[in-house]
Amino acid sequence: MDKESLITIRLHDMEFFAHHGVFEQEKIEGNTFLVNLELTTKAPKGCTTDCIEDTLNYQYIYDVVKEEMQIHSDLLEHISTRIKQRLLAQFPEICGLKVRVSKKNPPLGGNVPWVSVEV
């Protein structure tokens with residue numbers, strides 16, 4: 001594929017409250033998570049037509065991430081991989097994808113603003 005015909009779409013710091021974690025307290029209290037996506041796709045017709053029907057609709061991407069964030073997982077690795085697999089299955093026009101899930105203030109016994117996993 002010609003590099004010039006590719007575009008990158010990024011969704012930054014989508015924030016979700018969820019109950020992911022290994023410790024029982026995390027499962028009860030919940031925490032704030034941030035999800036960042038970097039999608040590469042062949043330049044859609046929307047680049048020239050200016051029609052939402054001719055491109056990846058960011059709302060649909062967000063909705064998939066939101067649904068996956070509501071399914072409990074112990075590990076950030078599992079959440080990240082699930083999101084990636086679902087997006088690639090649902091949107092075959094995606095030819096490259098990075099998913100980063102971050103947990104704010106993880107219970108590590110010290111001042112750690114967040115931890116992240118990227119797949």
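General observations
- When the chain is reduced to its Cα atoms, the Kirkwood hydrodynamic radius in Å: 15.3
- The angle between the Cα long axis of helix 76-90 and the main principal axis of the chain comes to about 20°, on a 0 to 90 degree scale.
- Ascending count of other beta-carbon atoms within 10 Å, so fewest first, for 11, 37: 11, 37
- Using θ = phi - 60° and Karplus 6.51 cos²θ - 1.76 cosθ + 1.60, couplings along segment 6-12 (whole Hz; Gly, Pro as x): 9, 10, 10, 10, 10, 10, 9
- For segment 57-70, 3J(HN,Hα) computed residue by residue from phi via the Karplus equation (6.51, -1.76, 1.60; θ = phi - 60°) reads 7, 4, 5, 5, 4, 4, 4, 5, 4, 4, 4, 5, 5, 8 Hz, glycine and proline entered as x.
- In segment 35-119, lysine pairs with alpha-carbon atoms under 16 angstrom apart (chain gap of 8 or more, or interchain): 4
- Relative to one another, the C-alpha centroids of segment 75-119 and segment 35-58 are positioned 21 Å apart.
Each reported figure results from applying straightforward, stated rules to the coordinates on display, with no laboratory input. Source: prediction; values computed, not measured. Cβ: placed from backbone, ideal geometry, glycine included. Neighbour counts: every protein chain shown.
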